[in-house]
Amino acid sequence: MRVRFAPSPTGYLHIGGLRTALYNYLLARRHGGVFVLRIEDTDQTRFVADAEQDILAMMAWAGITYDEGPGAGGEYGPYRQSERSDRYAEIADALVASGHAYLAFDDNESLDAMRNRHRSESNPNPRYDHTTREEMRNSLTMDGEAVSQLLDAGTPYVVRLLVKPGKTVAFTDAVRGEVRFESDTVDDQVLMKSDGLPTYHLANIVDDHDMAITHVIRGEEWLPSTPKHVLLYEAMGWEVPTMAHLPLILSPTGGKLSKRNAEKQGIPVSVSQYVDAGYEPEALVNFLALLGWNPGDEQEVFSLGELVDAFAMERVGQSGVQFDLQKLNWFNEQWLRSKPEAELARRLLPVANERFGCEDEKYLAQAIGMMKERMTMAADVLDAEYLFEAPTDYDEKAVAKRWKEKSSETLAAFAGALADLETWTEDGLEEALKSFIAAKEIGMGALMFPLRMALSGVGGGPSLYSLMVLIGADVTQTRIQRAIERINV
RNA sequence: GCCGCGUUCGUCUAGGGGUUUAGGACGCCGCCCUUUCACGGCGGUAACACGGGUUCAAAUCCCGUACGCGGUACCA
């Protein structure tokens, strides 16, 4: 089995592109096959200089490795279409020679004119096909001599696929079963552009054949052009690979997950935006894997390796799937909790240092340990400022509601008790606190709430025992004094 | 318009003729746990697009309709 991911460097790697890459990768690894990365850079006008680099970087971030491709080598290279031009020209010539394709000299104006001529309410998008090609300037309508003259004069031309009407083009899609198209509805696709570069359709089938690709796994947007590809394979006498068209990822409201549409709804479309937002790669991969595929049992959290073991094309769905950021966030929480604090601390230290001057990785790791179950994103720990510095203000609503007349007095007394405490540990603190409230004959809340306010300034958060251990005895004392001075009832 | 693909809780989905009072997950709501907030546990909310047919029996098979999505470029 040989599969490929064939992105076009016309923009940064799209979230849908990453899923396509992932499914290809999973299938290859599952079956001990080869995963090829091929860069389809045949559109000069839309070329984006650093797009290829972004694609490579994002795949690496996600842990999706490939066996052949730019930077990985392989016997079927080069893996950039811009470096394979001669081969496409050769095939285009062969297609023309065998009568499966022809030369067309029409410029944009005459193309527009033809479309305007035929445009009507019942035919809003006239095609260059068996119904119109006879009106045009091409090697079918002109004699050989006229064609030679144009060629000699250097007239620009394209090569078009000659699609004969009255045929049924059928293929079996691994996701959808048998799909059939009538050739009457297929247009004479341009195979070679006038700039001498191939279109996707030509380059794709030539490369898939030359690179011995056995399974073509791509987005559903390609389904309508598959008959053209089948026709091309047949014209060359090549075997048609197994086709699999993945359901499209839709925006949360059901429309296309286009850049504009999605970002309006707060859904990033570039993988790099997820990286920048701080998502765990495992979470994005996990989420994407389940977007259009399911294992058939109730497991939801999968590592990449587990996905490899569980993945099966038969369990890929057929209908479009809506992107749900909340579910992605849930996966991020799951993965975050499974990561060692030390690892997260190492990652977050630079930001913690910048924001709070925190240079102590161990301290940060300890703070993360306390906050882990409250975080959606790793950086959320830094939003709990009180972990790093004294609160500058105290939640007014909570204070108004729960700060009593005696709170200051209680706190002051407790501060005194803490000053005598010898074992500054969670257990020691808990013991001290309990004996304090017992002696004072007050409820737990009468001390806990003021203490929490004094130490954190907010009503919710991690265990106070662990917080006090984290910030230490001195800081605890300072914060208590500060609160007594500042919170007046 | 035409061509193609699709349609089970708000979302991702299981189920593929009787096992179904249609299961799970996210979200939302409630209860429990708890110093708080979370986590966790328990419970609740909520779906077979519609109409015909086939069949003893249909969410499941067939046809139609509706709706959604994709395609309809010298873009991929």
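Brief remarks follow.
- Heavy-atom accessible area order for A:Asp207, A:Asp420, largest first, 1.4 Å probe: A:Asp420, A:Asp207
- Set the Cα radius of gyration of region A:429-471 against 2.2 N^0.38 Å, with N its number of residues, and you get 1.13.
- When the surface is traced with a 1.4 Å probe over the full set of protein chains, A:Arg452 keeps roughly 40 Å² accessible.
- Across region A:182-316, counting alpha-carbon atoms alone, Rg and Dmax equal 18.4, 53 Å.
- Residues whose amide H falls under 5 Å from that of A:Leu246, counting only those 5 or more places apart or on a different chain, are A:Arg218, A:Gly219, A:Glu220, with hydrogens built in the peptide plane.
- Cα-derived Rg over Rh, computed across region A:1-55 with Rh taken as Kirkwood radius: 1.03
- Our coupling estimate for region A:402-411, obtained by passing each phi through the Karplus curve with A = 6.51, B = -1.76, C = 1.60 and θ = phi - 60°, is 10, 7, 9, 4, 7, 4, 4, 4, 4, 4 Hz, Gly and Pro reported as x.
- Computed from backbone phi, the HN-Hα couplings of region A:367-376 come to 4, 4, x, 6, 9, 2, 7, 10, 9, 9 Hz, rounded to whole numbers (Karplus: 6.51 cos²θ - 1.76 cosθ + 1.60, θ = phi - 60°; Gly and Pro given as x).
- On full extension, the segment bounded by A:Glu109 and A:Lys434 gains 108.2 nm, given 0.36 nm per residue less the C-alpha separation.
- Per residue solvent-accessible surface (Å²) - chain A, probe of 1.4 Å: 47 Å²
- At 0.692 mPa s and 37 °C, Stokes D of region A:149-214 from Kirkwood alpha-carbon radius, µm² per second: 229 µm²/s
- Proximal charge balance of A:Gly219 [Cβ under 12 Å; K/R count +1, D/E count -1]: +1
- Each residue of region A:46-63 is assigned a 3J(HN,Hα), and the resulting list reads 10, 4, 10, 3, 9, 5, 4, 4, 5, 4, 4, 5, 5, 5, 5, 4, 6, x Hz, derived from the Karplus form 6.51 cos²θ - 1.76 cosθ + 1.60 (θ = phi - 60°), x at Gly and Pro.
- Amide H within-cut-off set for A:Trp293, under 5 Å, with H built and near neighbours excluded: A:Gly317
- The convex hull of the Cα atoms of region A:299-366, projected and averaged over all directions, covers 6.8 nm².
- Sorted largest first, the spans of the alpha carbon positions of region A:264-388 along the three principal axes are 52, 34, 20 Å.
- Fraction in percent of alpha-carbon pairs per bin - 10 Å, region A:324-424: 13, 31, 29, 23, 4, 0
- Here the sum of -39500 (n - 2.57) over DSSP H runs of 4 or more residues, divided by the residues of chain A, equals -14000 deg cm²/dmol at 222 nm, to the nearest 500.
- Average 1/r across all pairs of distinct alpha carbons in region A:110-172, invert it, and you get the Kirkwood radius: 13.9 Å.
- Scanning chain A for GluC sites (Glu not before Pro) in DSSP loops with at most 11 neighbouring Cβ atoms within 10 Å leaves A:122-238 as the longest stretch between them.
- Expressed in Å, the radius of gyration and Dmax of the Cα atoms of region A:340-384 are 9.1, 24.
- Ellipsoid equivalent to region A:46-172 - semi-axes via the Cα gyration tensor, in Å: 37, 21, 17
- Using alpha carbons only: equivalent-ellipsoid semi-axes of region A:259-337, gyration tensor based, whole Å: 22, 16, 10
- Heavy-atom surface analysis with a 1.4 Å probe gives region A:86-192 a carbon and sulfur content of 46 percent of its accessible area.
- Cleavage-rule hits (trypsin sites (Lys or Arg not before Pro)) in region A:57-145: DSSP loop, at most 16 neighbouring Cβ within 10 angstrom: A:Arg119
- Between A:Phe171 and A:Val179, the built amide H atoms are under 5 Å apart, and every one of these is 5 or more places off in sequence or on another chain.
- Relative contact order [Cα under 8 Å, 6+ residues apart], chain A, whole percent: 12 percent
- Inverse of mean 1/r across different Cα pairs in region A:389-458, Kirkwood, Å: 12.7 Å
- Percent of Cα pairs exceeding the 37 Å cut-off, where the set is chain A: 48 percent
The values are calculated or read from the model by the stated rules, or taken from the named source; none is laboratory data. Not measured: the values here are computed from a predicted model. Methodologically, a virtual Cβ is constructed for each residue, glycine included, from the backbone with ideal geometry; neighbour enumeration extends over all protein chains shown. Keep in mind that these areas ignore ligands, DNA and RNA; they rest on the heavy atoms of the full protein, side chains included. Shrake-Rupley method; radii C 1.70, N 1.55, O 1.52, S 1.80 Å.
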